[in-house]
Each structure stands twice: as structure tokens, then as C-alpha cells.
Amino acid sequence: MNKDYLIVFTPLEKSKYINKRFLVSMNQLKKYIGSNNAYKAFVKAENLKTNKLTLKYRTHGKIEIYLK
């Protein structure tokens, strides 16, 4: 399926980043949470039934995926 997503990343370490929450693309997601976690997030987003999905990672932060 071809879906459009809006991905909001909230990092745990707010001192490393300028903003507390910011938008990221699916391609840049692996830079923030790692390639394995980004792949799992992509698979979960493809199977999304509602319009919002929240994924929490202990070491990286929180990702909110919205369906456009």
C-alpha cells in the first residue's frame, strides 16, 4: 500500500537537539533510532488501522506516526 505519513520524534536527550519535538522523514528515522528499530516502525506503520500510532523506545525517545 502507498500511504503518506507524518512522523514526529520526541528525543529523550533534549540537550542534544534544538527542538523538543520535530518532524522526521521515514528515510531519516534510522539516524535517530537505528536501522533495525526504523524497519520495525515502518512495518507497524504499514499495518496501521487507526490514524495514529505511538512507539516508545527507552533509549531513544518517542515516535508518533500519523496517517495523512
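Of all residues being loosely packed, with under 13 Cβ neighbours inside 10 Å and basic (K, R) in the stretch 57-68, which is nearest to K20 (Cα to Cα)? Just the residue, please. Break it down into steps so the answer makes sense when it comes.
Here is the first cut: in the stretch 57-68, the ones loosely packed, with under 13 Cβ neighbours inside 10 Å are 58-59, 68.
Filter again for basic (K, R), leaving 58, 68.
Numbers: R58: 16, K68: 22 Å.
Looking at the filtered set, the residue picked out is R58.
Filter the stretch 1-36 down to the residues that are in a helix (DSSP H, G or I) and not aliphatic (A, V, I, L, M) and list them by number.
Quick first cut of the stretch 1-36, residues in a helix (DSSP H, G or I) only: 29-33, 35-36.
If the condition is that a residue be in a helix (DSSP H, G or I) and not aliphatic (A, V, I, L, M), then K30, K31, Y32, S35, N36 are the ones that fit.
I want to confirm something. Restricting to the stretch 1-16 and keeping residues that are touching a helix residue (DSSP H, G or I) at 6+ places or on another chain (Cβ under 8 Å) and modelled with pLDDT under 90, which single residue is most open to solvent (accessible area, probe 1.4 Å)? Full working, then the answer.
First pass over the stretch 1-16, keeping only residues touching a helix residue (DSSP H, G or I) at 6+ places or on another chain (Cβ under 8 Å): 1, 3, 5, 7, 9, 11.
Going one step further and asking which of them are modelled with pLDDT under 90, we end up with 1, 3, 5.
Numbers: M1: 180, K3: 40, Y5: 41 Å².
Residue satisfying both the conditions and the ranking: M1.
Please determine whether any residue of the stretch 39-62 is modelled with pLDDT of 95 or more and of a type in the set (S, T, N, Q).
Yes, the stretch 39-62 contains at least one residue that is modelled with pLDDT of 95 or more and of a type in the set (S, T, N, Q).
Exactly one condition in (1) in a helix (DSSP H, G or I); (2) hydroxyl-bearing (S, T, Y); (3) open to solvent by less than 40 Å² (accessible area, probe 1.4 Å) is false for Y39; which is it?
With respect to (1) in a helix (DSSP H, G or I); (2) hydroxyl-bearing (S, T, Y); (3) open to solvent by less than 40 Å² (accessible area, probe 1.4 Å), Y39 is out only on (3).
Within the stretch 49-56, can one find any residue that is part of a strand (DSSP E or B), surrounded by 14 or more Cβ atoms within 10 Å (Cβ to Cβ) and touching a residue at least 40 places away in the same chain (Cβ under 8 Å)?
First, the residues of the stretch 49-56 that are part of a strand (DSSP E or B): 52-56.
Within this subset, residues satisfying the condition of being surrounded by 14 or more Cβ atoms within 10 Å (Cβ to Cβ) are 53, 55.
Now restrict to residues that are touching a residue at least 40 places away in the same chain (Cβ under 8 Å): none.
No.
Restricting attention to the stretch 18-35, does a residue exist that is under 17 Å from K3 (Cα atoms) and charged (D, E, K, R)?
Taking every residue of the stretch 18-35 in turn, none turns out to be under 17 Å from K3 (Cα atoms) and charged (D, E, K, R).
If we keep just the residues of the stretch 17-35 that are among the aliphatic types (A, V, I, L, M) and either closer than 13 Å to I65 by Cβ or touching a strand residue (DSSP E or B) at 6+ places or on another chain (Cβ under 7 Å) (or both), which is most open to solvent (accessible area, probe 1.4 Å)? Write out each step before concluding.
The initial filter retains those residues of the stretch 17-35 that are among the aliphatic types (A, V, I, L, M), namely 18, 23-24, 26, 29, 33.
After this cut, where a residue has to be either closer than 13 Å to I65 by Cβ or touching a strand residue (DSSP E or B) at 6+ places or on another chain (Cβ under 7 Å) (or both) as well, the list is 23-24, 26, 29, 33.
Values: L23: 110, V24: 14, M26: 50, L29: 0, I33: 3 Å².
By that ranking, first place goes to L23.
The values are calculated or read from the model by the stated rules, or taken from the named source; none is laboratory data. Predicted, not measured: the structure shown is a model, and the values here were computed from it. With ideal geometry, Cβ positions are generated from the backbone for all residues, glycine too; neighbour counts draw on all protein chains shown. When the accessible area is computed, the model is the full protein with side chains, heavy atoms only, and any ligands, DNA or RNA have been set aside. Shrake-Rupley method; radii C 1.70, N 1.55, O 1.52, S 1.80 Å.
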